[in-house]
Amino acid sequence: MTQLGKKRFKESMLGYLFLLPALVILAIFTFWPVGFSFVLSFFKWDFRNMNNPYFYGFGNYKEILKFDYPVEFPFYRGLFYSILYMAIALFILFSVSQMVSVIRKKKTSLVDIVPLIVVVAYFVFRNYISFTLSIVLSIILLLFVIVALKRNIFDTKMIKEHGWISFFVWLVSYVLIEFQFPSLINGKSYGIIDYFLDASEKNLFFKALTNTTYYVILTVPIGIALSLLIALLLNNDVRLKAFFRTSFFIPFVTSTVAVGLIWKWIFNDDVGLLNYLLTTIGLQPVKWLKDAKWTIPTVSIVSIWKSVGYNAMIFLAGLQSIDTFYYEAAEVDGASSFQKFTKITWPLLSPTTFFLLIVSVIGSFKVFQEVFILYDGLPGPYGNSGMTMVYYVFDLFYRQQRMGIASAAAYLLFLVILVFTFVQYRVGDKVVEYVS
């Protein structure tokens with residue numbers, strides 16, 4: 001070994017020696033439990049086999065995914081229809097973009113109105129044709145979109161310039177097709193969402209997965225939007241700025257138990273502050289903690305209130321890192337406040353938004369304490385309306401003493417979070433703008 005190689009080896013060894021205490025602690029309290037729980041997920045270990053657990057293979061996973069009653073239709077069919085609905089929604093997005101382009105050009109050609117004619121004809125005649133022909137027409141629509149993109153028939157410039165608006169148009173179109181328009185078969189909807197809704201009534205794991213996903217969809221967008229609004233307000237030159245920052249941040253550092261008990265009083269049917277305010281403005285009181293349909297929204301309100309301050313502070317740090325040179329140049333060009341936000345603030349804030357989105361989604365999938373406190377240790381008022389993924393694992397492990405199947409459920413939760421995080425990273429690579 002050369003003299004330079006020996007020096008680098010000593011430096012590396014010195015660095016690892018400094019890291020050794022942290023690595024030992026991580027190995028004892030993180031790596032070992034994670035690895036042991038993974039091995040445990042393949043063993044039958046419960047209160048009956050406490051002293052002699054035996055290898056069970058994938059039996060725990062099969063038991064978790066086993067349905068009490070058959071689902072109306074298989075998973076692959078729901079996945080196929082949802083992909084089909086997404087493709088049609090994409091076609092509608094291109095059609096809307098094409099119509100806006102036609103209005104701007106004030107000159108219409110046959111190529112411009114073909115997408116609109118096809119979309120209208122499809123929805124008018126879809127319910128009067130056979131299922132097979134409807135599937136064929138849907139596939140033709142998808143192929144038409146692919147060919148049109150390759151040959152630049154569609155005007156995609158507007159879609160690229162207004163990415164978030166385009167995504168919103170696509171999402172609204174997909175939701176309308178999935179839930180509002182008549183289905184392709186017998187007046188019923190056969191999408192992936194319908195599959196999970198039906199499966200949640202026949203399997204407790206799918207119930208927990210559906211409730212948790214509903215909670216994530218409800219909590220993350222609203223929480224991030226409110227946090228951004230608060231950050232934009234605090235970023236201005238307002239009085240008592242430090243006081244407001246502290247006020248918004250206090251709920252985040254407050255104990256979840258204390259927060260849950262306070263909100264439990266606020267949600268009280270008889271003496272709760274929230275129902276008092278509703279009756280004051282002439283609205284009917286809501287049974288926040290007794291009606292199953294309000295379980296997830298109730299938990300979501302508490303979670304948003306608790307985390308909005310932390311997200312707002314992160315957004316505020318991101319706003320203050322944007323160079324004022326961009327805004328000064330925009331003012332010289334006569335840009336409005338809305339144009340400054342859409343062209344400068346929002347793009348340059350995308351790395352911060354991406355970070356908060358990742359952290360918020362992962363944290364929301366692990367919701368547990370709010371449900372436990374608000375409903376006195378129960379998963380909702382009735383019907384497991386508050387059953388979340390972590391509560392499902394807790395119930396299997398702590399109450400039922402089924403450690404093997406609880407470990408399997410924990411790794412299924414890990415797989416779900418991994419899939420959502422992977423999708424976010426793939427999308428983030430395309431939309432996030434990093435400024436060096």
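Within the span defined as region 397-405, one or more residues are in contact (Cβ under 8 Å) with a residue 12 or more places away in the chain and closer than 28 Å to ALA258 by Cα.
Among the numbered conditions (1) over 30 Å from TYR326 (Cα atoms); (2) surrounded by fewer than 21 Cβ atoms within 10 Å (Cβ to Cβ); (3) modelled with pLDDT under 90; (4) not charged (D, E, K, R), the only one that GLY380 does not meet is (2). Scanning region 193-212 for residues that are of a type in the set (Val, Ile, Thr) and either in contact with a Leu (Cβ under 7 Å, 6 or more places away or on another chain) or in the same structural domain as MET389 (by TED's automatic domain parsing) (or both) turns up THR210, THR212.
Residues considered: SER95, SER12, SER82. Of these, the only one that is free of Cβ contacts under 8 Å to residues at least 40 places away in the same chain, assigned by TED's automatic domain parsing to the domain that holds LEU143 and among the hydroxyl-bearing types (Ser, Thr, Tyr) is SER95. Of all the criteria given as (1) crowded, with 16+ Cβ neighbours inside 10 Å; (2) in contact (Cβ under 8 Å) with a residue 60 or more places away in the chain; (3) outside any loop (DSSP other than H, G, I, E, B), the one not satisfied by LEU289 is (3). Taking the criterion of being in a strand (DSSP E or B) and either exposed (fewer than 14 other Cβ atoms within 10 Å of the Cβ) or of a type outside the set (Phe, Trp, Tyr) (or both), the residues of region 40-73 that qualify are LYS44, ASP46, TYR54, PHE55. Against the definition (out of contact with any strand residue (DSSP E or B) (no Cβ under 9 Å at 6 or more places or on another chain), in the same structural domain as ILE262 (by TED's automatic domain parsing) and not in a helix (DSSP H, G or I)), how does GLY318 come out, yes or no? Answer is no for this residue.
Of all residues being small (Gly, Ala, Ser) and assigned to a helix (DSSP H, G or I) in region 383-436, which is modelled with the lowest pLDDT? Just the residue, please. Out of the qualifying residues, it is GLY428. May I ask you to verify whether GLY428 is at positive phi and in contact (Cβ under 8 Å) with a residue 60 or more places away in the chain? In short, no.
Being within 30 Å of SER385 (Cβ to Cβ), surrounded by 15 or more Cβ atoms within 10 Å (Cβ to Cβ) and aliphatic (A, V, I, L, M) is a condition met by no residue of region 236-257.
One line per residue, one yes/no per condition, for (1) among the hydrophobic types (A, V, I, L, M, F, W, C); (2) more than 30 Å from GLY377 (Cα to Cα):
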site	(1), (2)
THR279	no, no
ASP291	no, no
SER300	no, no
PHE315	yes, yes
LEU319	yes, yes
THR324	no, yes
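Quick test of your reading of the structure: LEU283 fulfils all but one of (1) in contact with a helix residue (DSSP H, G or I) (Cβ under 8 Å, 6 or more places away or on another chain); (2) assigned to a loop (DSSP other than H, G, I, E, B); (3) of a type outside the set (S, T, N, Q). Name the failing condition by number. So the condition that LEU283 fails would be (1).
The values are calculated or read from the model by the stated rules, or taken from the named source; none is laboratory data. Everything quoted here is computed from the prediction, not taken from an experiment. Using ideal geometry, Cβ is built from the backbone for each residue, glycine included, and neighbour counts are taken over all protein chains shown.
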